[in-house]
Structures are given as C-alpha cells and as structure tokens.
Amino acid sequence: MIRAHSAATVREVEEPRLAAGEPLMAHAAFALATHVARELRDRTGRVAGSVVLLLVGGGNNGGDALYAGTHLARRGCQVHAAVVSDRAHEAGLAAARASGVRVHELLAAPDLPGAVVDLAGRCHVWVDGLTGIGARGPLREPVAGIVAALAEERAAWSSLLAEPIVVAVDVPSGIGVDDGTVPGPVLPADVTVSMGTAKPGLLLPPAAALAGRLEVVDLGLTELADREPAACSLGRSDVAALWPVPGPEDHKYTRGVLGLVAGSRTYPGAAVLCAAGALRTGLGMVRYLGPEVPTSLVRAAHPEIVTVPGRVQAWVLGPGVDPRDAARTAELADHLDEAAGQGLPAVLDAGALTLLHDDVDLAGPTVLTPHAGELAELLTARGEHTPRRDVEAAPARHARLAAEITGGTVLLKGARTVVAAPEGPLHAQGDATGWLATAGAGDVLAGVLGALLAAYGDAIAEAVHPAASLAPLAAAAASAHGHAARLAAGLPFDADDDPAGPIGVPITASDVADALPGALSTILD
Ligand SMILES: NC(=O)C1=CN([C@@H]2O[C@H](COP(=O)(O)OP(=O)(O)OC[C@H]3O[C@@H](n4cnc5c(N)ncnc54)[C@H](O)[C@@H]3O)[C@@H](O)[C@H]2O)[C@@H](O)CC1
Ligand SMILES: Nc1ncnc2c1ncn2[C@@H]1O[C@H](COP(=O)(O)OP(=O)(O)O)[C@@H](O)[C@H]1O
Ligand SMILES: [K+]
C-alpha cells in the first residue's frame, strides 16, 4: 500500500526532528541524487559527463535540489542551477558553488522563461526543485511562466521519445499537494522522488497522472506509521488480503449471497453484465430480482442465477434501472430500507443514485458508485450547484463532499477511481486502462463490488467490520476491475507510463468480466 500524508502532517513530524538537528535535507538530497543518477544510467547509459539542470525555487525544495547537485557534480556530471527566486536556500547555494555547480542567477534576465528554456535545452535531466509542500494555490509568476514554458518544451521533446528526463523533487511543482488538483501550470515528471512519505496529490487525480513513477524516500520518519494517511492506494497484496478465498468449511451461504436489482426494458444488458461481474468475482449465489424482460435474459446468459427472493448478505441496486420508472424506483427504495434495517451493505449505482437526490440520510452501510456526471447531478440536487467539469477538476474533494452529505461511501469512477467515506483516508486506484471506458464497464464494477460486500455482509451487519472498512473494499473492487481490464486488453499487469510499451486492444464490458478470474489469479498468487 502506498500511504500519503498531508503537508501539515509531514511538517508536524519533521519539525521536532529538525529542531533536534537531524540532517533530513542531507538525507533527502542524497537519495534524490541517487535516483537522478540511476535514471541517467538506465536511460542514457552513463552518469559522469551528463548535463544536469537544477530548477531552484525559494524554499527547501530548491535546497534539496542544490544539495543533490553537489553529489551529482562529484559524480562527474556537469551541473547547472537555474535560480529563479531571490530567497534560494543559502547554504545549499554555497555548497553547490563549492562543488562546482554552475549557478545561474536568472531573475534579472529580460526573458526569464526563455533563459531557463535555453539552459534546459542543453541538459539531459531537469531536477524540479521549484516548489514542494510549501506551495499554496496555483504557481505565481515568475515560476508559473517558467513552468509553462518548460512543460511546452518537454511535450515537444517527448514526442521524439528523447530527453530530457524530468525528476520532480517531492512533488511536480504546481500540483495541489493535498488535494490532487492541477490549479495552474505544472511540469510533468518522469519520476517523482517524494521525501519521507508520498503526498496525497501524487495519488489523487488529476495531478497523479503528472507525477510519473513514484519513488518514496525513507527519511526514518517512524512517527508517520501512527498517523492516519490522508490518501492511500492499494497494491496487489493489499487487494489479496481483502479478497475472500473459500476454505473447506465454506458453503454458498457463508461465501455470500448478493441481491441484484438491475436492468430494465430499456437497458436489459446492465443486469447481465452486473451479474457477470459478481459471478466472476466469486460468491455463493446471485439472486436477481426484476421484471420478465431482464430476467429471461439474465437466466439465458447465466443459468446459475436464482430469480426468487430470499436471504441475501448484500445488495446491488440500480444498474440499468430507469429513474423515471416510478414503480421500479420505489422497489429500489424498499430494498435499500430493508438492507439498512438489517445493517447489510448496499451498492447504489446508476438509477438508484437518484434516490439520494431527495434529502435522505443513509442509515446503513452503503457505497455509491457514480461517474463524474452522476456525482455532479447528485451534489446539485442536494443544494451544491456543481457542473461536471468541477467534479473532474477536483474529484477527491467532490467525492468527500458527497460522502459527508449522504453519509455513504462514494466510489467516484474515472481513469483513476477515488473512494471517499465521510471520514478517514481517501483511496485512489489507477490500475485500469483507457480501454475500460466503454459502455457497461460500470455495471461489471458494481457486480464485483457487490460480490465482495456479500462475502463481508454478515460481518459488516454485526459491526465486526465497521462501515469505515467499506472504503478499502470499494478500492479493492476498483483495483481488481482495473486489472481485469488490462488483462483483457493484453496489457502487462502493472500500469506504467512507458510510451514504448504495448498499447493494448479494444475490449468490451463482457471481456472485462471474463478476465476477472485471470486477474484474480495474479492478484491472489
Ligand atoms: N524542512 C526540511 O529540512 C526538509 C524539507 N524537505 C523539502 O522541503 C520542501 C518544503 O520546503 P518549504 O517549506 O521551504 O517549501 P517549498 O520549497 O515547497 O516552497 C516554498 C517556496 O515556494 C514559494 N511559493 C509558495 N507557493 C508558491 C506559488 N503558488 N507560486 C510560486 N511560488 C510559491 C514560496 O514563496 C517559497 O519561496 C519539501 O517539499 C521537501 O522538498 C525535505 O528535504 C525534507 C527535509
Ligand atoms: N480513461 C479511463 N481510463 C481507465 N478507466 C476508465 C476511464 N474512463 C472510465 N474508466 C472506467 O470505466 C468504467 C466506466 O463506468 P461507467 O461510466 O459507469 O460506464 P457504464 O455506465 O456504461 O457502465 C469505470 O470503472 C471507470 O472507472
Ligand atoms: K518540486
């Protein structure tokens, strides 16, 4: 699991150590230099003789870069420091000069962005030490203009699959460190070397996509182990630890029965796909409850499905249900009440999300699975006027707001899926591929999550697992779903940004469901 702590938590933990004279910056800088050297060796085959540009802002982030430059100079790199603040780290500057780093004080240059770009054009690697956890809001001038010019230059170069390599110090300068927003220009990185712990903006969309590969430097901040992370991302072993694996004592009722109310005459396929997602996740039984038309299709596609009412341990309500169908919507509301009365978990998807447009408080453990448009509609209906683009610009903030307003756990679907409970750490999972953005993929996800919750249903109802644990389960479902999509598309298990890597093939939602057992075999291996 990658755990990310807020800037405030990092400062709280660092302060007493700095006061006691711990050389945190020296450690950070040495680790940074090691990563830069490794990147140079891996990509260009050499360290000595490489030309390095340090982008130095006015804070300790620039200090990290300057001290890293001293190590790189000693390793035979030609190091340039572009200093773009009159408050650059003094001791770092002195150390850099003493080790042969060429310091360019550029603030007086008539065309500052042009001067930095000129220098950058001669360098193999750019070390972005402009702003770190001390940044507030969008980058201000002159840093904003410099970053915009460098980002443009980099985009032109990367289309040739050539240099430069961009290594961000702590965070790519310009991202919302705590909320993952991109409020202004940002220099996208190939690698981000984050100090002490990851930062939420490195995991949360949309900023996470600008961080490249994440390397977290261990600064020995052991206190962080006891501090709740602000955000986290589950890895393969975390998902495996949450996944129910049947033992010899199990039977279908202990494995979990999922009640499914999905599909309509207009969208019958949603019922079939949601059931496929649940069945391929592995559970005791799916009970499908619906009118004749989806029922006959569901039965034909999945003969193992039971279509009579009975006991269940979790519900999926709403995929493919038309919210204008008053009778069906009333049925969804009844099942939601029934689940809440028994303390059983429910997934509210698509048509069922409109139940929350009215001022209802969720009484039971519930996961909402909107995409950005559905979340915008929900928030607007609850009095928080929200265009879809606002949700897309700040997914974590809006998912959290919806969780607070409704009392549910919100899984906000997207390229990187965010999960927010009313409180506790945010989760972000970016395990999927753009090929997953296809009709019906969300129905499959609702089925995966429903099956997972069915296995935990009795424990959740008995409060062995408090409702707070819904968030990791939702994140685990998103992760497995994303990996299944990658497998179906012919992509390697772990997502990486290698532009020379395979691009994959188109997939359907049914392919994603079919790939679930294969993805789970890798996850559980
Ligand atoms: N305190 C320490 O000894 C350690 C600090 N570390 C590094 O220090 C960084 C934090 O240092 P600081 O607290 O000095 O903060 P930063 O270096 O992140 O940024 C502060 C500087 O950026 C400017 N700034 C802030 N917002 C801006 C904006 N929107 N546009 C343009 N400029 C802006 C400020 O005026 C100031 O000059 C961490 O990110 C990390 O890289 C690490 O080395 C670990 C140890
Ligand atoms: N660009 C993307 N990259 C990866 N996954 C994506 C992307 N866009 C959407 N997804 C995923 O695809 C699925 C789409 O679900 P949804 O929007 O509900 O579609 P539908 O309602 O047709 O099933 C979600 O799991 C979402 O996270
Ligand atoms: K930075």
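The values are calculated or read from the model by the stated rules, or taken from the named source; none is laboratory data. Worth saying up front: this structure is predicted, and the values here are computed from it rather than measured. As a convention, Cβ positions derive from the backbone with ideal geometry for all residues, glycine included, and neighbour counts pool all protein chains shown. Please note that ligands, DNA and RNA were not included when accessible areas were found on the heavy atoms of the full protein model with its side chains. Shrake-Rupley method; radii C 1.70, N 1.55, O 1.52, S 1.80 Å.
Legend: residues Glu338, Glu304, sorted from most to least accessible area (1.4 Å probe; ligands, DNA and RNA excluded), read Glu304, Glu338. FRET efficiency for the pair Ala330 and Arg213, taken as 1/(1 + (r/R0)^6) with r the Cβ-Cβ distance and R0 = 45 Å, rounds to 0.35. Annotation for Ser521 and Val505: the two label points, set 7 Å from Cα along the Cα-Cβ direction, are 1.8 nm apart. Amide H contacts of Val52: Gln78, Val79, His80, His124, each under 5 Å away and 5 or more positions distant or on a separate chain (H built 1.01 Å from N in the peptide plane; Pro and chain starts excluded). Sorting Arg324, Arg382, Arg75 by accessible area puts them as Arg324, Arg75, Arg382; the probe is 1.4 Å, largest comes first, and only protein heavy atoms count.
Trypsin sites (Lys or Arg not before Pro), restricted to the range 115-192: which are DSSP loop and have at most 14 other Cβ atoms within 10 Å? Show your work: numbers first, answer last.
Details: sites: Arg122, Arg136, Arg140, Arg154; in loops: Arg122, Arg136, Arg140.
Qualifying residues, ordered by number: Arg122, Arg136, Arg140.
Over the chain, consider all pairs of different Cα atoms and compute the Kirkwood hydrodynamic radius from their mean reciprocal separation; express it in Å, one decimal. Show your work: numbers first, answer last.
Working: mean 1/r = 0.0410 Å⁻¹.
Hydrodynamic radius (Kirkwood, Cα only) of the chain equals 24.4 Å.
Potential lengthening of the chain between Arg17 and Val360 amounts to 118.7 nm, from the contour at 0.36 nm per residue minus the alpha-carbon distance.
In the chain, taking the dipole from charged Cβ atoms about the Cα centre, the farthest positive-side position among Gln78, His371, Pro395 is held by Gln78.
Heavy-atom accessible area with a 1.4 Å probe sorts Lys252, Lys199, Lys413, largest first, into Lys252, Lys413, Lys199.
For Val166, the residues 5 or more places off, or on other chains, whose built amide H falls under 5 Å of its own are Trp126, Asp190, Val191. Given +1 at the Cβ of Lys and Arg, -1 at the Cβ of Asp and Glu and no other charges, the dipole of the chain around its Cα centre is 1040 debye to the nearest 20.
Can you give the FRET efficiency for Asp496 and Thr222, using 1/(1 + (r/R0)^6), R0 = 41 Å, r = Cβ-Cβ distance, to the nearest 0.05? Approximately 0.85, to the nearest 0.05.
Proximity of backbone amide H atoms, modeled 1.01 Å from N, is registered between Leu187 and Ser173 at under 5 Å, excluding neighbours fewer than 5 places apart on the same chain. Whole-Hz Karplus values for the range 197-207 come out as 6, 6, 10, x, x, 7, 10, 8, x, x, 4 Hz, taken residue by residue from phi with 6.51 cos²θ - 1.76 cosθ + 1.60 and θ = phi - 60°; glycine and proline positions read x. Using the Karplus relation 6.51 cos²θ - 1.76 cosθ + 1.60 with θ = phi - 60°, the per-residue 3J(HN,Hα) values for the range 183-193 come to x, x, x, 9, 8, x, 10, 7, 9, 10, 9 Hz, with x marking Gly and Pro. In the chain, the calculated helix contribution to ellipticity at 222 nm averages -13000 deg cm²/dmol per residue, counting -39,500 (n - 2.57) for every DSSP H run with n ≥ 4. Counting only alpha carbon atoms, the long axis of helix 60-74 and the longest principal axis of the chain meet at about 60°. Our estimate of slack between Ala439 and Glu292, defined as 0.36 nm per intervening residue step minus the Cα-Cα distance, is 50.6 nm. The figure for Leu221 is an accessible area of roughly 10 square angstrom, using a 1.4 Å probe on the protein chains alone.
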